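J.: Questions regarding the structure given below will be posed in turn.
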Amino acid sequence: MKKLTVEGATKDSQILVGESLANLESYIPEGVGKRIIITDENVHALYKDKFPAWETIIVGTGEKAKTLETAGYIYNRLIELEADRTSYIVGIGGGIVCDVTGFIASTYMRGIGFGFVSTTLLAQVDASVGGKNGVNFEGFKNMVGVFNQPDFVICDLATLKTLPTNDLLCGFAEILKHGAIKSEDHFRDLEENWEKMVNLDLEALERLVYDSVAIKAAVVNADEREKGERKKLNFGHTIGHAIEKTTGRNHGESVSAGIVAASRLSVQEGLITQNLFDRIIALLEKLGLPVKLDIDKEKVIDALKKDKKRAGEKINFVLLQELGDAVVMDFAIPDIASLVNELGWG
Ligand SMILES: NC(=O)c1ccc[n+]([C@@H]2O[C@H](COP(=O)([O-])OP(=O)(O)OC[C@H]3O[C@@H](n4cnc5c(N)ncnc54)[C@H](O)[C@@H]3O)[C@@H](O)[C@H]2O)c1
Ligand SMILES: [Zn+2]
């Protein structure tokens, strides 16, 4: 097991990579009252036998469950269970469960203690690090939420064995992104050991997940409220989100295509070499991620125009200037439109 401390503005958070769900009880702070689990239907069905014998609140799955209605249901259940300010909540599940749990624990009675057991690769390397919690509202993603750190995050790597491939791909895309924008070593490790990771070799996973978390944690520590440095985490995500919205492809696949587009633009701007571009494409392909998607260009460009990161006629775009080093630049919408056209997709 590898441990990392993330220093948050309000409190520190311990990330425990390679720890087991079975040891959850030992991380609960002393003196807390009633302990309550929030989880989703799938994770409950698969892992309930490993849960401690606490009251458990089960929510639905998918973005449709990440809502104020679900939050309302949970507040009601907490009241029924007579949860008070001494109670403690642990979210066991993927990014959706963690986002909802953090939001509930930060708002119920103005905030009670909480931790996470992350059971998806995306939650482990991305969603449970950084203190962002929240829910969707009327179709707008993450519209309502708070910044607050959990006391601990257990990344139980063994749970990844039951994770569907599509969900693993989401995590792979974020790990590659972290290497590309912040660490040549991490990227090389992935180039050398991708096969072990894809086969869920626990030793390789522990190192790669830990290093990836450490990168995200360092970026977040430097910029907890997303003023500058944290924008680099959007590498591949500007076009990626537009593709996700318009094609319905999953987050990992869309971000993969977004990484291709952002890398292509980095070559066009004379920032990186064709050789580095080729390495990125080769690694995405090895991980099973798409490097080309059928898209409706008009719709993608339209979605880009509605992006919340847009400032006037310009869009913030993250490019690479070398392996392990990213830069945030502004581009005019027509320039991005011609990039999308030149990709030759769709
Ligand atoms: N807070 C943040 O900083 C942050 C960052 C990135 C993403 N997110 C959010 O995370 C969410 C996506 O998270 P996700 O990809 O983990 O999705 P998810 O929570 O929906 O999990 C994916 C699916 O896998 C199932 N599942 C979870 N663990 C499993 C396991 N071990 N075995 C089998 N099935 C399992 C879930 O029930 C679900 O069906 C999005 O809502 C996104 O906005 C938040
Ligand atoms: Zn992402």
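A short reminder: the numbers here are calculations on the coordinates, not readings from a lab. Given the structure is predicted, the values throughout are model-derived calculations rather than measurements. We place every Cβ from the backbone using ideal geometry, glycine too, and count neighbours over all the protein chains shown.
J.: How compact and how long is region 167-342, expressed as Rg and Dmax of its alpha-carbon atoms in Å?
T.: Looking at region 167-342, its Cα Rg and Dmax stand at 15.4, 47 Å.
J.: Please list the equivalent ellipsoid semi-axes of region 30-114, computed as the square roots of five times the alpha-carbon gyration tensor eigenvalues, in descending order and whole angstrom.
T.: Semi-axes, largest first: 19, 16, 10 Å.
J.: To make sure I understand the rule: partners must be aspartates and glutamates, Cα under 16 Å from the Cα of LYS50, and not fewer than 8 residues away in the same chain. Which ones qualify?
T.: Candidates past the 8-residue exclusion: GLU19, GLU25, ASP40, GLU41, ASP156.
J.: While we're on this one: Specify the inter-centroid distance of region 229-289 and region 106-137, based on alpha-carbon positions, in whole Å.
T.: Region 229-289 and region 106-137 have Cα centres spaced 26 Å from each other.
J.: Would you mind counting up the charge near SER128? Only other residues with Cβ under 14 Å from its Cβ, with Lys and Arg at +1 and Asp and Glu at -1.
T.: Counting the neighbours of SER128, the net charge comes to -4.
J.: Quick check of the Kirkwood formula: for the chain, what is the inverse mean of 1/r over all pairs of different Cα atoms, in Å?
T.: So the Kirkwood estimate lands at 20.5 Å.
J.: Assigning unit charges at the beta carbon (Lys, Arg +1; Asp, Glu -1) and nothing else, what dipole magnitude in debye, to the nearest 20, does the chain show about its Cα centre?
T.: In debye, rounded to 20, the chain gives about 680.
J.: So, one more: Can you give the Kirkwood hydrodynamic radius of region 2-162 from its Cα pairs, in Å with one decimal?
T.: 15.3
J.: Please list the three semi-axes, largest first and in whole Å, of the ellipsoid equivalent to region 103-235, using sqrt of 5 times the eigenvalues of its alpha carbon gyration tensor. List each step's numbers first, then the result.
T.: Values: eigenvalues 136, 63, 37 Å².
The answer is 26, 18, 14 Å, longest axis first.
J.: Hey, another quick one. Given +1 on the Cβ of Lys and Arg, -1 on the Cβ of Asp and Glu, and no further charges, what dipole in debye does region 167-342 carry about its Cα centre, rounded to the nearest 20? Mind showing how you got there, number by number?
T.: Numbers: 25 positive and 32 negative charges, 146 e Å.
Computed about the Cα centre, the dipole is about 700 debye.
J.: Also, quick follow-up: Under unit Cβ charges (Lys, Arg +1; Asp, Glu -1), what dipole magnitude, rounded to 20 debye, does region 2-162 have relative to its Cα centre?
T.: The dipole of region 2-162 has a size of about 160 debye.
J.: Shifting gears a bit: Which order do peptides 157-170, 191-204 fall in by mean Cβ count within 10 Å, highest first?
T.: Per-residue mean Cβ counts within 10 Å order the peptides as 157-170, 191-204.
J.: Which entries in the list LYS11/LYS306; LYS161/LYS196; LYS141/LYS231; LYS64/LYS306; LYS132/LYS231 go over 25 Å, if you measure between the two C-alpha atoms of each?
T.: Checking Cα-Cα distances, LYS11/LYS306 exceed 25 Å.
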